[in-house]
Amino acid sequence: MQKRLLVPSRVRRVPRQFSWVDQRLVRDNHMAGCSLEALALYLFLVTVADAQGLSYYADASIGRLLSLNREQLVAAREGLIRAGLIAFDAPLYQVLALEPAPEPPAVAKARSSRGAGELKALREVLRQALGDGS
């Protein structure tokens, strides 16, 4: 079987805290709404995946190892795909790098208004330095 990345832009890397199970999974609430079966599947895939997050275990093997029937496995996989945690193109799974947590709107607004103010100040400093009074 020739493996290929399903989402090349989201190849997993070992996180700074040196753990394949990224702490942001909990801290940034990536597990919200995932069933226990989905979380079991995620742990399984993280455990068996290669350095790029790829695995091609067959559904029958995964179901047997996790004690899930076909319907439970399909639902678990769909939940992980919806959560943005895995990609799947039978029989290939890819555990995806975690997306950054979205910035709260108030922080984003403060950051953008502060940035605009800094640019304006810089523009004025340059005008003054160049002697352009306009």
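Every number in this text was worked out from the coordinates using simple rules, so none of it is lab data. Keep in mind that what you see is a predicted model, and the values were worked out from it rather than measured. Neighbour counts run over all protein chains shown; Cβ positions are idealised from the backbone, glycine included.
Details
- Site pair Leu43 and Asn69 shows an inter-label distance of 2.3 nm when each label is modelled 7 Å from Cα along Cα→Cβ.
- Ala129 versus Asn29: modelled label distance in nm, points set 7 Å from Cα along the beta carbon direction: 4.3 nm
- Dipole in debye (nearest 20) - the range 8-95, about Cα centre, beta carbon charges: Lys, Arg +1; Asp, Glu -1: 300 debye
- Linear extension gain, Leu36 paired with Val21, 0.36 nm per residue minus alpha-carbon span: 3.8 nm
- Taking amide H as placed 1.01 Å from N in the peptide plane, Leu54 has its amide H under 5 Å from the amide H of Val95, each at least 5 places away in sequence or on another chain.
- Sorting Ile81, Ile62 by the number of Cβ atoms found within 10 Å of their own Cβ, with the fewest placed first, yields Ile81, Ile62.
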